[in-house]
Amino acid sequence: MYSFKNDYSDGGHPLLIEALATTSGQMTEGYGEDHYCKQAAALIREQCGKPDGEVHFISGGTLTNLTAISSFLRPHEAVISAASGHIYVHETGSVEATGHKVFPVDSPDGKIYPEQITRVVAEHHFEHMVKPKLVYISQPTEIGSLYSKTELQDLRSLCDALGLYLFADGARLGSALSSKANDLSLPDIASLCDAFYIGGTKNGALFGEALVICNRALQLEFRYMMKQRGAILAKGRLMGLQFKRLFEDGLYLELADHANRMASLMQQGIVDAGYEMLFHSPTNQIFPVLPEELVLRLEKEYQFYRWETLDDSRIVIRLVCSWATDQEAVESFLSSVSRN
């Protein structure tokens, strides 16, 4: 059964596997201090326009969110997140397990808006309550929507006014950057966020995320916190090698663009077949609204997630395309949808 469940079921891109295989016999420094990690970090700093930024390679998204947020905050400080945010819904309370409360705000489109942040801050106004200190966003959001440059600038301005950090989860940042609906560049994100990460796991790497800390005040002794959280990989070069290759010759955005194009093809085909979308997604996740009998039949041929039950007869499913999604598989899926 062909899987449209996620964008990390596939292995690593062949060029990354080749880089790992051809250097396997080399001996390098450990714990991310090797020359491959340093070269990858230099490439990322250059492409972010942040020569004074720190780049750290961490094995997965949850560990990156956990390590970064728990390091940036003092014990009494808290996070503001969309109710659909990954740290609130899908990370087993890992941030809260470190003692930092997460305030969820309702968000039908997956995004947080300034008035919501202002309200949470106003409601937590003295030392008998935890203090909101960090705004957590995802680009793209959990439902595939995008922050525009104006929206991110507005969040930055508010965070500056209220003394808050702005942190962006970039597990699918490649999909956002390569989307036709996107107007933000990598340097834009680096200039507007205190920290963010560039996802590799969901965009061609075997594993690994590149955390970029732009705010120099948050860089202090960060590796101590990484070590304490188990986030320093002894064979760190395995991530450095992959990100070095991803950020050479535009491969990172090339892979993300393929995922977006396959998702767009699938989305348009489903609409042409007469079905609705929960909302239009400009990235590599789409959310069709289908009759339950069609969903049951498709589940015999393909893997995907049931996202939401709208009523007795309609189901929202999530379909995700990746750097490796086969166009023939997309066309086959659309053919199955049209046969209903």
Next item on the list: Could you go through region 156-172 in sequence order and give the Karplus-derived ³J(HN,Hα) for each residue, using 6.51 cos²θ - 1.76 cosθ + 1.60 with θ = phi - 60°, rounded to whole Hz, and x for Gly and Pro?
Entry: 4, 4, 5, 4, 5, 5, 9, x, 10, 8, 10, 10, 10, 6, x, 3, 10
Note to self: Rounded to the nearest percent, how much of the accessible area of the chain (1.4 Å probe, protein heavy atoms only) is carbon and sulfur?
What the structure shows: 50
Next item on the list: Find out how many positive minus negative residues lie around residue 339, taking Lys and Arg as positive, Asp and Glu as negative, among other residues whose Cβ is under 15 Å from that of residue 339.
Entry: -3
Notebook entry, point to check: Going highest first, how would you order 131-144, 326-339, 259-272, 299-312 by mean Cβ packing within 10 Å?
Noted result: 131-144, 259-272, 326-339, 299-312
Next item on the list: Could you calculate the contour length gain from residue 272 to residue 301, that is, 0.36 nm times the residue separation minus the distance between their Cα atoms, to one decimal place in nm?
Entry: 8.4 nm
Margin query: Restricting things to Cα coordinates, could you compute the convex hull volume per residue of the chain in Å³?
Written below: 137
Next item on the list: Quick one: check the C-alpha center-to-center distance for region 141-165 versus region 40-90, whole angstrom.
Entry: 15
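In percent, how large is the relative contact order of region 215-340, given Cα pairs closer than 8 Å and 6 or more residues apart? Kindly include the intermediate steps, with their values, before the conclusion.
Working: 132 pairs, mean separation 30.4, N = 126.
After rounding, I find 24 percent.
Using the Cα centre as the reference, give the magnitude of the dipole from point charges on the C-beta atoms of the chain (Lys, Arg: +1; Asp, Glu: -1; all else neutral), rounded to the nearest 20 debye. Please report the intermediate quantities before stating the final value.
Values: 30 positive and 43 negative charges, 159 e Å.
Computed about the Cα centre, the dipole is about 760 debye.
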Check: Out of residues 5 or more away from residue 276 or on other chains, whose amide H comes under 5 Å of its own, with H placed 1.01 Å from N in the peptide plane?
Finding: 289
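Helix-only estimate, please: 222 nm mean residue ellipticity of the chain, summing -39500 (n - 2.57) across DSSP H runs of length 4 or more and dividing by its residues, to the nearest 500. Walk me through the numbers on the way to the answer.
Numbers: 14 runs with 137 residues, N = 340.
So the calculated ellipticity at 222 nm is -11500 deg cm²/dmol.
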Next item on the list: Would you work out which of 159, 139, 219 lies farthest towards the positive end of the dipole of region 109-234? Charges go on Cβ: Lys and Arg +1, Asp and Glu -1.
Entry: 219
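Counting alpha carbon pairs within less than 8 Å and at least 6 residues apart, what relative contact order, in whole percent, applies to region 1-138?
Details: 131 pairs, mean separation 27.7, N = 138.
Here the relative contact order equals 20 percent.
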Next item on the list: Give the shape of region 37-80 as rounded, prolate or oblate, defined through the alpha-carbon gyration tensor: a ≥ b ≥ c are the square roots of its eigenvalues, a/c under 1.5 means rounded, and otherwise the shape is prolate if a/b is larger than b/c and oblate if not.
Entry: prolate
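With a ≥ b ≥ c taken as the square roots of the eigenvalues of the C-alpha gyration tensor of region 234-340, please select rounded if a/c is under 1.5 and otherwise prolate if a/b is larger than b/c or oblate if it is not? Intermediate results must be reported in sequence, preceding the final value.
Values: a/c = 2.58, a/b = 2.18, b/c = 1.18.
It is prolate, given that a/c is not under 1.5 and a/b is the larger ratio.
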Check: What does the convex hull of the Cα atoms of region 266-312 come to per residue, in Å³, rounded to a whole number?
Finding: 88
Item checked: 1.4 Å probe accessible area per residue over region 182-228, in Å² -> 38
Checklist line | Whichever aspartates and glutamates have a C-alpha closer than 19 Å to that of residue 38, once near sequence neighbours (fewer than 8 apart) are set aside | finding: 29, 46, 52, 54, 209, 221, 248, 249
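Taking Cα pairs under 8 Å and at least six residues apart, what relative contact order does region 163-204 come out at, in percent?
Details: 43 pairs, mean separation 24.7, N = 42.
After rounding, I find 59 percent.
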Next item on the list: Check cross-link reach from residue 131 to the lysines: straight Cα distance under 24 Å, and skip same-chain residues fewer than eight apart.
Entry: 101, 111
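The values are calculated or read from the model by the stated rules, or taken from the named source; none is laboratory data. Please read all numbers here as calculations on a predicted model, not as lab measurements. Every residue, glycine among them, receives a Cβ derived from its backbone with ideal geometry; neighbour counts consider all protein chains shown. Accessible surface is based on the protein model in full, side chains and every heavy atom, while ligands, DNA and RNA are left aside. Shrake-Rupley method; radii C 1.70, N 1.55, O 1.52, S 1.80 Å.
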